[in-house]
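K.L.:
One structure, as structure tokens, below. Some questions next.
Derivation of every value follows stated rules applied to the coordinates shown; laboratory data play no part. The model shown is predicted, which means the values in this text are computed figures rather than measured ones. For neighbour counting, all protein chains shown are included, and Cβ atoms are generated from backbone atoms with ideal geometry for every residue, glycine included.
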């Protein structure tokens with residue numbers, strides 16, 4: 001088995017021109033990100049556009065979006081294992097790897113957003129002073145790391161079994177898999193509660209936040225998966241049944257429908273009741289006191305989401321692979337805008353004392369964020385490059401030793 | 001000559017020192033005449049005395065008092081009365097080196113707050129309790145109370161507007177190096 | 001695994017045990033001779049949460065911090081760690097009928113509490129509202145008013161700073177317990193424990209907390225050397241700070257700097273547990289209100305109108 005793993009590891013460094021170009025590109029972006037982070041570590045977070053009025057920005061926006069992506073890996077797990085839908089069962093592995101990459105990116109986004117990252121050990125129990133159960137941030141740290149652990153174990157378990165030429169034994173993995181379902185829902189619920197519990201921010205302090213988080217997670221994560229699965233299918237020997245892809249697309253349609261419905265519910269509540277608390281939503285879609293920087297973005301996101309919903313809803317449309325991919329990209333971008341800057345920034349606009357500071361990420365912030373995305377992409381690429389040969393069994397030509 | 005100049009200079013110096021002391025928020029040695037009297041505060045920062053005119057008896061002992069309400073032209077012309085000037089004028093509150101209450105009783109300048117308190121009863125009450133006026137001293141010990149005339153010009157008490165300090169920087173103007 | 005009766009180590013080296021021990025001890029010994037700076041840096045990294053330190057540890061930490069600050073800021077400073085006095089709970093009163101919006105409090109606070117000048121940090125925000133319109137319409141308030149003279153006709157002014165809540169949302173959310181409410185009611189921050197996550201800033205309904213987006217920029221001659229560990233000692237890049245009711249002054253019996261500098265006597269302060277205090281008098285006799293009371297944060301900052 002170790003021989004198989006070593007062989008697979010060797011494969012990570014072997015590939016065609018496209019592979020090397022891709023990795024080189026990712027490493028370049030990571031390099032830029034690292035240099036930008038060094039500047040931030042030296043000068044402080046002043047290199048970002050965040051200020052006291054908008055104290056969380058692009059980094060936390062990316063974190064929020066990625067927690068959703070990580071949670072959505074479970075959307076593949078539910079039909080695969082609970083309904084034994086075979087076409088999906090085989091590709092759950094790739095979903096779990098996406099969850100791993102996404103959680104790693106989440107953790108990175110949080111760490112680079114901290115003013116004193118070396119002090120992160122203060123969060124730990126026993127050695128530090130962990131504020132459990134009061135602080136939702138602590139809950140988030142616990143569930144995210146737990147989720148990472150669960151997915152790593154699941155992937156390792158699958159790879160170990162595959163490397164030995166066997167099927168995954170459900171009996172051994174099932175408890176962990178079943179745990180991963182509520183756990184995935186919990187990571188996103190805890191993240192939602194992080195914002196939800198703040199009475200200081202009326203835009204977030206709405207019961208609809210947690211359901212909206214889950215709905216948007218469960219359409220954006222699988223949308224990414226749809227694209228990734230097709231890439232894997234194209235570039236490797238892995239066979240992925242179209243039925244799996246279309247089933248995922250169908251589920252995405254329903255979750256996007258729920259997402260749009262919940263958005264509609266929020267819009268109704270704020271604009272019909274018309275209290276001062278409607279200000280953040282007004283800022284997003286219509287501008288407030290002449291400040292309208294995010295307005296075109298929000299309408300674009302809405303247009304993308306509605307179009308994608310239509311594409312995924314109608315079987316004839318979603319089974320056209322070109323339209324499917326367009327739809328997936330539309331969802332990815334739409335939810336990224338809506339849940340990223342479209343969620344974090346209006347929580348602070350207007351701020352607690354009514355001031356409007358229009359935040360837009362600085363170049364440094366963008367570079368560091370791009371670096372982390374590139375790192376996640378590289379991690380996923382390496383995981384795929386490592387696991388696909390094991391998965392397809394092509395490394396099992398000789399029996400494993402020891 | 002020296003006998004007149006010296007006391008005047010001493011009084012001028014005393015007045016200047018008192019003004020300087022009262023404008024700094026540091027505990028000041030209380031005037032011997034003030035002290036705890038019922039519900040009155042213990043440590044009073046006295047108001048400054050007029051440099052040119054104190055003591056009043058210097059001139060007013062030698063002049064006949066013309067109590068007709070009029071606008072003064074020869075002396076005290078720099079004092080503009082904008083404080084219920086339709087109802088009163090100088091002799092309603094001043095009597096030689098003392099101040100005159102409504103019931104005719106004369107009080108010292110160091111107790112000027114009693115005079116003000118006649119009309120401004122609610123503020124007088126708040127001031128005695130410590131919630132009117134500039135606060136300094138020790139919150140748990142010797143609190144410093146200023147007499148009314150310390151902050152308010154008795155003849156023209158309304159505060160004039162002042163220039164505000166600079167507004168804070170806008171967040172978009174706070175930049176890195 | 002054993003081979004040929006002799007143990008084989010992973011490095012494949014033939015290293016007699018005695019030589020190894022000697023080398024290890026020598027290495028450790030030389031490590032102990034680390035330059036003082038590295039040792040100090042290590043101690044700084046491992047510093048505990050203030051509330052977990054014994055009095056002896058606090059003394060040691062303060063000695064090190066005073067030394068650091070002298071090196072960092074070019075001025076000798078004293079860091080006090082006086083505890084809250086029993087039977088004291090601080091309360092604040094702000095007379096809205098008097099405030100003229102001159103901002104003297106803002107700058108007195110900056111000087112007393114060693115706030116960064118570049119980038120600029122102000123713990124106190126003065127808001128201007130139009131009279132006769134929506135009461136406390138925060139959205140239409142103005143923070144950047146800059147007329148030639150104040151007060152302006154038709155406006156009133158409302159300064160806001162940390163409300164020192166009895167039920168502080170910032171304390172609730174801090175993941176590392178770096179901020180807490182002291183027995184005398186002041187919500188404080190341990191600047192050496194804060195990880196700079198800014199969750200407390202998101203949680204504060206009054207916009208009272210400030211973050212050091214860069215290293216604080218203060219000139220040595222502007223530094224106030226009388227500081228408190230939990231109050232106005234010079235801070236660091238990447239940590240949160242806020243009004244502490246001038247803990248360095250109030251625990252020594254003095255009024256906060258903002259109270260003393262106010263030229264029109266709009267600011268009041270005292271011990272809420274003392275029935276004879278002026279703060280209790282004004283709560284009893286004036287109509288007081290607090291900001292955003294519906295959030296149940298129970299601020300100890302009372303606004304009132306004396307007239």
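K.L.:
I need the shape label for the stretch A:293-398. Rule: rounded when a/c is under 1.5, else prolate if a/b > b/c, else oblate, with a, b, c from the alpha carbon gyration tensor. Before the final figure, lay out each step's value.
P.N.:
Values: a/c = 3.85, a/b = 1.52, b/c = 2.53.
Cα axes put the stretch A:293-398 in the oblate bin.
K.L.:
Ranking request for peptides A:292-298, B:67-73, A:221-227: highest mean number of other beta-carbon atoms within 10 Å first, then the rest in descending order.
P.N.:
On the way: A:292-298: 16.1, B:67-73: 9.6, A:221-227: 25.1.
Order by mean packing, descending: A:221-227, A:292-298, B:67-73.
K.L.:
Along the Cα→Cβ direction, 7 angstrom out, place labels at residue C:226 and residue C:97. What is the inter-label distance in nm?
P.N.:
3.4 nm
K.L.:
Another question, if that's okay. May I have the pair-distance distribution P(r) for the protein assembly as shown, computed from all Cα-Cα distances with 10 Å bins from 0 and rounded to whole percent?
P.N.:
Percent of Cα pairs in each bin: 2, 10, 17, 18, 16, 13, 9, 6, 4, 3, 1, 1, 0, 0.
K.L.:
Can you give the extra length, in nm with one decimal, that the chain gains between residue B:102 and residue B:166 once fully stretched, where that is 0.36 nm per residue apart less the Cα-Cα distance? Present the calculation step by step, with values, prior to reporting the outcome.
P.N.:
On the way: separation 64, 0.36 × 64 = 23.04 nm, distance 4.52 nm.
Length difference between fully extended and current span is 18.5 nm.
K.L.:
For chain C, what is the largest minus smallest coordinate of the Cα atoms on each principal axis, given in angstrom and ordered from greatest to least?
P.N.:
Cα spread of chain C along its principal axes, largest to smallest: 97, 41, 38 Å.
K.L.:
Right, another one. Which residues among the stretch A:340-382 fall inside the zone where the amide N is under 12 Å from a point 7 Å beyond the Cα of residue A:276, along Cα→Cβ?
P.N.:
Residues A:350-355 qualify, since their backbone N sits under 12 Å from the label point.
K.L.:
Separate question: So what is the diffusion coefficient of the stretch B:34-159 in µm² per second by Stokes-Einstein at 20 °C and 1.002 mPa s, using a Kirkwood Rh over Cα pairs? Don't jump to the answer; show the numbers that get you there.
P.N.:
Details: Rh = 16.0 Å.
After rounding, the answer is 134 µm²/s.
K.L.:
Taking the 0 to 90 degree range and rounding to the nearest ten, how far is the long axis of helix A:321-339 tilted relative to the main principal axis of chain A, both from C-alpha atoms?
P.N.:
For helix A:321-339, the angle is close to 40 degrees.
K.L.:
If each DSSP helix of 4+ residues adds -39,500 (n - 2.57) and the sum is divided by the residues in the protein assembly as shown, what number results at 222 nm, nearest 500 deg cm²/dmol?
P.N.:
On the way: 30 runs with 417 residues, N = 886.
After summing the helix terms and dividing by the residues of the protein assembly as shown, the value is -15000 deg cm²/dmol.
K.L.:
If you don't mind, there's one more thing I want to ask. Mind giving me the nanometre distance, one decimal, between the label points for residue B:75 and residue C:273, set 7 Å out from Cα along Cα→Cβ?
P.N.:
Computed distance between label sites residue B:75 and residue C:273 equals 5.8 nm.
K.L.:
What's the exposure ranking of A:216, A:273, C:82, going from fewest to most Cβ atoms within 10 Å?
P.N.:
Details: A:216 30, A:273 9, C:82 12.
Sorted ascending by nearby Cβ count, the order is A:273, C:82, A:216.
K.L.:
Let me ask another. Cut-off is 10 Å between beta-carbons; in what order do C:245, A:5, A:286 appear when sorted fewest neighbours first?
P.N.:
Starting with the residue having the fewest Cβ neighbours, the order is A:286, A:5, C:245.
K.L.:
How do A:335, A:276 rank when sorted from fewest to most other Cβ atoms within 10 Å of their own Cβ? Before the final figure, lay out the partial values.
P.N.:
Numbers: A:335 28, A:276 13.
The order, fewest Cβ neighbours first, is A:276, A:335.
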